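First the structure, in the form of structure tokens, and then the observations on it.
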Amino acid sequence: MFDKVLIANRGEIALRILRACREMGIKTVAVHSTADETAMHVRLADEAVCLGPPAAKDSYLNIAAILTAAQISGADAIHPGYGFLSENAEFARMVEEHGFVFIGPTHEHITLMGDKIAAKDAVMKAGIPVVPGSDGGVSTFEDAKTVAERIGYPVIIKATAGGGGRGMKMAPTADDLETAFRTARSEAGSVFGNPEVYIEKFLTTPRHIEIQVLADNHGNVVHLGERDCSLQRRHQKVLEEAPSPALNAEQRSKIGDIAAKAIQKIGYRSAGTIEFLFEDGEFYFIEMNTRLQVEHPITEMITRIDLVREMIRIAAGAPLGYDQKDITFLGHSIECRINAEDPETFMPCPGKIGLYHTPGGLGVRVDSGLYSGYTVPPYYDSMIAKLIVHGTNRNECLMRLRRALDEYVIDGLKTTIPLHAKLASNADIVNGDYDIHWLEKFMDDESN
Amino acid sequence: MSNKIDVDDELIRKLAGIMDETGLTEIELGSETYSVRVARGGTVVNAMAPTAVAPASVASASVPPVDIAQNITDHPGVVTSPMVGVAYTASEPGQPAFVNVGDTVSEGQVVLLIEAMKVFNQIKAPRGGTVKNIMIESGAPVEFGEPLMIIE
């Protein structure tokens, strides 16, 4: 087992990793920017190294500084958290090259899953259902027409070099295809410098359902069930739940097995998440995330498995020690991402925390680096806390969530707690009746 | 069975002396195996999360009181490290140091090397003046912002 782990991240996830290390008797090194000198995980860590000024490029994305910090502190392994360098294949490769263990997958798998077309191809060959599409770039309108007729309207035309919701044009019917196709190509050319586009079936009211997998270095793979992350605003998840109210046990087991087998086939190791769009009982692969995810706690609550600890154990070479039949799901869990933002306009509101009081009681968990008197720096993303609740069933979980949100006090800055309170009592949410467009529609309705 | 606690009174005297010199009212420091807090009589102002002990800065051989380091960082003549690495006071082992305390230096003169990822970076004097203090030993790991020397 590692003697010392360097935590290459900040905020709540850095604290999460620190906690897992401490519970395993592993010494911790917190690397941080000058803006994070007073961060809770920096205060609790055994050692701390300041990497640079606040800007991410000078600190949390500063590969040379992080590797040097690992050298001077004598760390054995580096946990990259999520975001920042966690899916930077170059970083993963350099970490290993310099004699440290990267707590995550191999750099080859990071590269594979980072390329959207290659990833889709690889998982398709491994048996994972994908969105029907053109299987590559489409250069002429005639080809586009053929593809669209084969897969069925509506279709969406996407830029190969695009991403993050940009460079996509929808064609609801055959009459709309030509305009959509030509506009997509010319926009892709001017915005991304590459006019290549591909075509996929457009799913009108899908849910976002992802499967958590865990694989060791010895070929053992398990899936830890799904998370429903359909409630999103501008492609940012806001509230997640596990299990999904839209799946039954049979569907869960089926897609879980497909995912686990695919992971085993490609030889993946560590934690990973396969994201799907789910519509009309069918799953469609969108992408794979080769890192720990923000919403991992809801999976932990229903499976009672500490995902960070498992990542560390796996990276140290330990076998999983359990297989699929040992994974059981108990109860229901919901996570609210709490941001330092105006709950209506979503304007970021960093600042100094005054009175701070977290909710407690059975089945209530808060993952956050906040404390009374702490100043939330303005340089990083606005998520400041995650409230996670667990109940024996979904109704109990929702009641507990409402109660916990009511107790939570974060004075001194605006947070999205009021939004979560609204969602937790909204009829559609209570009925589990929502898709990936629901939240934006809700916000639109609210502002009118 | 004797439950005698070993008191490192030399350390306590040293800390008390530091408090006198600097006017601090409280010093707390610790490591894996011990933690010590000395406070001048009267009300002690408790900062935020009470039991968090200041983490040992990787860059120091002993564990310096955090408050003292803050004073040095605010010194107008301080030269702080622009990067994470290992600092060297001479170009090679066995060579004379670039500068010694008391030397006059000119702006741009190389005063230290900091090595990171096998690359040696020259640290140059940001201003001309006299070297008043050199805070690090050759071969010491340093972090961004760490006070290296005072030139004024």
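Observations on the structure shown:
- Computed from backbone phi with θ = phi - 60° and the Karplus coefficients 6.51, -1.76 and 1.60, the 3J(HN,Hα) list for the range A:124-130 is 4, 5, 8, x, 8, x, 10 Hz; x is used for glycine and proline.
- Here is the result for the range A:176-212: no trypsin sites (Lys or Arg not before Pro) lie in DSSP coil with at most 13 other C-beta atoms within 10 angstrom of their C-beta.
- Relative to the longest principal axis of the Cα atoms of chain A, the long axis of helix A:174-192 makes an angle of roughly 40 degrees.
- 3J(HN,Hα) along the range A:226-236: 10, 10, 9, 10, 6, 7, 9, 10, 6, 6, 9 Hz, from the Karplus curve 6.51 cos²θ - 1.76 cosθ + 1.60 with θ = phi - 60°, whole Hz, x for Gly and Pro.
- Shape of chain A, Cα gyration tensor, a/c cut at 1.5: rounded
- Helix A:11-23 vs. chain A, principal-axis angle (Cα, 0 to 90°, nearest 10): 60
- Residues whose amide H lies under 5 Å from that of B:Arg127, counting only those 5 or more places away or on a different chain, are B:Gly108; hydrogens are built 1.01 Å from N in the peptide plane.
- 5 angstrom amide H check on A:Val155, placed H, neighbours 5+ away: A:Ala171, A:Phe202
- Average other protein chain Cβ within 10 Å of Cβ, residues A:42-54: 5
- Taken one residue at a time, the phi angles of the range A:431-446 give Karplus couplings (6.51, -1.76, 1.60, θ = phi - 60°) of 7, x, 9, 8, 9, 5, 9, 4, 5, 5, 5, 4, 5, 4, 4, 4 Hz. Gly and Pro are set to x.
- Under 5 Å, built H, 5+ apart or other chain: amide partners of B:Glu26: B:Arg40
- Pairs beyond 31 Å (Cα-Cα), from A:Lys116/A:Lys237; A:Lys169/A:Lys254; A:Lys237/A:Lys352; A:Lys27/A:Lys120; A:Lys116/A:Lys261; B:Lys14/B:Lys118: A:Lys169/A:Lys254; A:Lys27/A:Lys120; B:Lys14/B:Lys118
- Signed unit charges on C-beta, dipole axis of the range A:172-283, positive-most listed residue A:Gln264, A:Leu177, A:Asn194: A:Gln264
- Rh (Kirkwood; distinct C-alpha pairs) - the range A:138-230, Å: 15.1
- Charged-residue dipole, Cβ positions (Lys, Arg, Asp, Glu), the protein assembly as shown about Cα centre, Debye nearest 20: 400
- Debye, to nearest 20: dipole size of the range A:80-146, +1 on Lys, Arg Cβ, -1 on Asp, Glu Cβ: 200
- The distance from the alpha carbon centre of the range B:22-39 to that of the range A:131-185 is 66 Å, rounded to a whole number.
- Taking a straight line from the alpha carbon of B:Lys124, these lysines sit under 17 Å away, with near neighbours fewer than eight places off in the same chain left out: B:Lys132.
- The mean number of Cβ atoms from other chains found within 10 Å of a Cβ in peptide A:58-71 is 4, as a whole number.
- Average other protein chain Cβ within 10 Å of Cβ, residues B:140-147: 6
- For the range A:170-301, the Cβ-based charge dipole about the Cα centre amounts to some 360 debye (Lys, Arg positive; Asp, Glu negative; other atoms uncharged).
- In chain A, taking the dipole from charged Cβ atoms about the Cα centre, the farthest positive-side position among A:Phe100, A:Val138, A:Phe346 is held by A:Phe100.
- When each of the peptides A:245-258, A:35-48, A:87-100 is scored by the mean number of other C-beta atoms lying within 10 Å of its residues, the order from highest to lowest reads A:35-48, A:87-100, A:245-258.
Each value in this text was obtained by applying a stated rule to the coordinates, not by laboratory testing. What you see is a predicted model; the values in this text were computed from it and never measured. Please note: Cβ atoms are built from the backbone with ideal geometry, for glycine as well, and neighbour counts cover all protein chains shown.
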